[in-house]
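Structure record follows, encoded as structure tokens.
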Amino acid sequence: MSTNTTTPGTPTATGERSSLLKLYLSRGVLAVVWAVAFAGAHKDVDAVAITLLVVYPLIDAVSSLLDLRTAPDGPERRVTLFNGVLSTVAAIAVGIAGVGGEQPVLHVFGAWAVVSGAAQVAVGIRRRGPELGKQWPMLVAGGLSVLVGVFYNIQAAGDDPSLDVLSVYATGGGVFFIAQALLLGWKSRQLRSRTV
């Protein structure tokens, strides 16, 4: 249930939709670009791969901090801030883990995916109202992130851990962010057509 008290046509709701649309679209495109770059650079966990591993959670951290500009005071804002701090810590941790190879990287990335996915679901529930496009892509993406994070930790404990899955994870996340941006754009056009 949304705690946002704005109505769909108010300037506040319109401004929040516009800001989130740009943020989600940028976040989605960056995730897909990162996935393509990482797919061709992680054969060895070298300096390039480790740098890319650090960059991905930093993209999420910056996105969370930008999201704070429009997040209302209350639980949604606190969760968004928490996710920004968490992703910053994850960037540092995955950089350190990269020195140890694929197994520790998957453990750290998996733990981050679980917690950040849960945070994404919490924020999506808070933004569930019709003025922000129902947020179903964010809810699905967050839920999948939790499940995938658990899978990464299971895979890391096995005999053949592989970082190939991270490109798939980033691509999927990017597609869901882009889908949410498109929903927000559609909602904005729908509301504009009603006021003409």
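Tilt of helix 164-195 relative to the longest C-alpha principal axis of the chain, in degrees (0 to 90, nearest 10)?
10 degrees
Against the globular-protein guess of 2.2 N^0.38 Å, express the Cα radius of gyration of the stretch 11-195 as a ratio, rounded to two decimals.
Rounded to two decimals, the normalised Rg is 1.05.
What order, most packed first, do the peptides 102-109, 45-52, 22-29 have when packing is the mean number of other Cβ atoms within 10 Å of each residue?
With the highest mean Cβ count within 10 Å placed first, the list reads 102-109, 22-29, 45-52.
Counting pairs of alpha carbon atoms under 8 Å apart in space and at least six apart in sequence, what relative contact order in percent does the chain give?
Relative CO of the chain lands at 31 percent.
For residue 74, what charge total do you get from the other residues with a beta carbon under 13 Å from its beta carbon, if Lys and Arg give +1 and Asp and Glu give -1?
+2
Could you give the nm distance between label points at residue 78 and residue 36, where each point is 7 Å from its Cα heading toward the beta carbon?
Taking the two extended label points, one gets 4.1 nm.
Measure nothing but the geometry: give the 0 to 90° angle between the long axis through the Cα atoms of 11-39 and the longest principal axis through the Cα atoms of the chain, rounded to 10°.
Once rounded, the angle reads 20 degrees.
Out of 58, 70, 145, whose Cα points farthest toward the positive end of the dipole of the chain (charges: +1 Lys, Arg; -1 Asp, Glu; placed on Cβ)?
70
Full-extension gain between residue 48 and residue 162, please, as 0.36 nm times their residue separation minus the C-alpha to C-alpha distance.
39.4 nm
In percent, what relative contact order does the stretch 45-121 have, based on Cα pairs under 8 Å that are 6 or more apart in sequence?
36 percent
Read-outs throughout are calculated quantities, based only on the coordinates presented, and are distinct from any laboratory measurement. Source: prediction; values computed, not measured. Neighbour counts run over all protein chains shown; Cβ positions are idealised from the backbone, glycine included.
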